[in-house]
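Step one of this worksheet: look at the structure below.
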Amino acid sequence: MKKILGVSSLALFLSLAACNQGSDKEAQLAELKKQQTELQEQIAQLEAELKTEGKGGPVERKTVPVTVAQVQQDTFRHYLEVQGRADFDQNVLVSAKVPGVLTSVRVKRGDKVTKGQTMATIDAQVLEQNIAEVRTRLELANVAYERQKNLWDQKIGTEMQFLTAKNNKEALERSLATLQQQRDQYNVKAPVSGVVDNVIPNAGEAVAPGVGIIRVVNTNGSKIVAEVSEAYLTKISKGDEALIRFPDLNQEISATVDVVSSFINPSSRTFMIELRPKNVNIELRPNLVAVVRIQDYRKEDAIIIPVNLVQRDEKSQYVYVAQKQGERYVATRKEVETGVNYQGQVEVLNGLTAQDYIITAGYQSVNEGQPVVFNQERLAQQ
């Protein structure tokens, strides 16, 4: 019985050890690779020292197949990405000038309107009755004035009677003009020419000043507005080049920064920018989502490589290049100094030249001095 328990305990211990070992395989693999790299570097160093001393024979090392690409120089650009929206210089949400109830709505969404065109009317029955009353009084005042003027021309009556009749007529004319101006405020008119984008209320609903009821958009003068963190205040200037992508339309256009606001929103700690699109050949809509990329860094003839090719150790950054030694190519480690990176590409400031062949595939399997053979047929024949 004790033997059975002993065997069971031993089996349980070995099982737990195996589980722990399985869960730590990645760490073990990483450690072994590190040790392998260190050992291969030590071997290469000892071989070089022995060769210098005239000792030791040539040691054949395994040839590793790799893919290489010649280092290219190009213009490196870095962009700041923010979310924006489409807007227009003349994008107006029209509200009523006086409170009341709509008696008619004369436009619908999509209609074209001209500046000053009446789009809706508000009930002005009481005011119209006042206008009718003043007009009646004005007609009587005109008759009295004409008669008094004829008498005054014939030197009949007093001057005061003539002036009183004239004053009554002119006062009623001014009152009528004032009432007509007030009546005109009961017409909701288009402040700009454009297209009706939205009609909120229906006839019979109450409206009030300051509450928008009809939106009119003039599609000329389109712009993109965006809010940018104050951290980039010194990196964005008027005239900067930008790219604007509209995800919903799957299209991209170029633009320039037209306005950089000096005001920083105290709650969001952002400032507003406006961009003017160049050669817009797509139909923009108000508040259409846009992804704005503003160029904040540019360098001509820069050496650019994929950022994943750059390896790091405790001391430096490096890449592997293929260099020709005699009739074969060997992997050579080159330490590099990198700059800005963007979308998987990094600018190399020092360490590479345009004549280098950088190892793009298989670089994780090579070490300093490792013989390599190219997978590309064209390069393999060189």
note = When every residue in the stretch 49-81 that is among the hydrophobic types (A, V, I, L, M, F, W, C) and surrounded by 13 or more Cβ atoms within 10 Å (Cβ to Cβ) is compared, the one modelled with the lowest pLDDT is Leu50
note = Within the stretch 128-137, residues over 12 Å from Gln180 (Cβ atoms) and either within 59 Å of the chain's Cα centre (by Cα) or among the aliphatic types (A, V, I, L, M) (or both) come out as Gln129
query = Quick check, is Ser229 open to solvent by 60 Å² or more (accessible area, probe 1.4 Å), among the polar types (S, T, N, Q) and farther than 12 Å from Ala290 by Cα?
reply = no
Qualifying positions in the stretch 200-215 - of a type in the set (Val, Ile, Thr) and surrounded by 17 or more Cβ atoms within 10 Å (Cβ to Cβ) = Val207, Ile213, Ile214
message = Quick check on Thr121: is it out of contact with any Lys or Arg (no Cβ under 9 Å at 6 or more places or on another chain) and either at pLDDT 90 or above or assigned to a helix (DSSP H, G or I) (or both)?
response = no
key: Subset tally (residues that are in contact (Cβ under 8 Å) with a residue 60 or more places away in the chain, β-branched (Val, Ile, Thr) and assigned to a loop (DSSP other than H, G, I, E, B)) for the stretch 145-197   = 1
query = Pick from Lys189, Lys166, Lys149: which is closer than 30 Å to Phe88 by Cα, of a type in the set (Lys, Arg) and open to solvent by less than 80 Å² (accessible area, probe 1.4 Å)?
reply = Lys189
remark   = Those residues of the stretch 279-337 which are exposed (fewer than 13 other Cβ atoms within 10 Å of the Cβ), among the polar types (S, T, N, Q) and in contact (Cβ under 8 Å) with a residue 60 or more places away in the chain amount to Asn287
query = Only one residue in Glu300, Glu314 is outside any strand (DSSP E or B) and farther than 24 Å from Val373 by Cα. Which one?
reply = Glu314
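The values are calculated or read from the model by the stated rules, or taken from the named source; none is laboratory data. Keep in mind it's a predicted model, so treat the numbers as computed, not measured. Glycine gets a Cβ as well: all are built from the backbone with ideal geometry, and neighbour counts include every protein chain shown. Each accessible area value is taken on the protein alone, full model and side chains, heavy atoms only, with ligands, DNA and RNA left out. Shrake-Rupley method; radii C 1.70, N 1.55, O 1.52, S 1.80 Å.
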